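Each remark here refers to the structure printed beneath this line.
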Amino acid sequence: DIEYGDILFASNNYKTDKSGVAVPEMVKSNSAYQNVIGVASDNYSDFSSIGDNYDSSINIKPIALTGRVPVKVTLENGPIKRGDFITTSSNPGRGMKATHAGPVIGTALDDYNGGGDGTVQVFVKATYADPNNSLANLTLDEDGNLITHEFTAQKITVASDVIAGGLV
């Protein structure tokens with residue numbers, strides 16, 4: 001019953017691939033803050049995936065392990081804003097905004113405040129995050145630039161020039 005956009009985790013059931021290797025069957029996430037593997041996706045050109053080494057008797061869906069992927073979400077933890085961490089929800093296969101520390105599937109790339117369940121683009125990178133710790137949300141891009149969704153501090157000391165767009 002897996003559909004594109006569902007968040008998946010490894011079950012205790014195993015399937016054997018064409019080379020004879022037993023691997024865990026992927027199933028929809030089913031509880032909040034669950035450790036996950038990836039997202040079922042047909043966005044083939046924009047992610048790293050697994051799932052193509054099985055015979056035709058097994059229902060195969062590519063699983064995005066990292067990259068930009070549409071993910072099914074719910075408003076269980078409130079509206080989702082670009083930059084929010086996305087974790088699993090109690091709604092099978094769907095994500096929600098992470099509001100405390102725990103496993104996350106990635107970071108929202110757009111907002112969602114629709115009625116009920118919907119879909120948002122997520123940069124998938126299964127990890128552990130704390131949305132309430134601004135220092136944990138700091139990352140560097142490939143050019144060494146500091147990136148953060150939100151940062152609060154009493155004082156910031158910088159050893160060089162500060163270039164900011166949209167600084168409030």
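Among the residues making up the stretch 67-94, those that are among the charged types (D, E, K, R) and out of contact with any Pro (no Cβ under 9 Å at 6 or more places or on another chain) are R68, K72, E76, K81, R82, R94. Considering (1) closer than 21 Å to T66 by Cβ; (2) modelled with pLDDT of 75 or more; (3) out of contact with any helix residue (DSSP H, G or I) (no Cβ under 8 Å at 6 or more places or on another chain), the lone condition that L138 does not fulfil carries the number (2). From the list Y44, Y14, the lone residue that is open to solvent by 70 Å² or more (accessible area, probe 1.4 Å) and modelled with pLDDT of 85 or more is Y14.
Determine, yes or no, whether R94 is open to solvent by 30 Å² or more (accessible area, probe 1.4 Å) and at pLDDT 95 or above. Taking the combined requirement at face value, the residue satisfies it. Here is the figure for the stretch 96-115: residues that are of a type outside the set (A, V, I, L, M, F, W, C) and either touching a Leu at 6+ places or on another chain (Cβ under 7 Å) or in a strand (DSSP E or B) (or both) total 6.
The values are calculated or read from the model by the stated rules, or taken from the named source; none is laboratory data. Worth saying up front: this structure is predicted, and the values here are computed from it rather than measured. Cβ atoms come from the backbone with ideal geometry, glycine included; neighbour counts cover every protein chain shown. When the accessible area is computed, the model is the full protein with side chains, heavy atoms only, and any ligands, DNA or RNA have been set aside. Shrake-Rupley method; radii C 1.70, N 1.55, O 1.52, S 1.80 Å.
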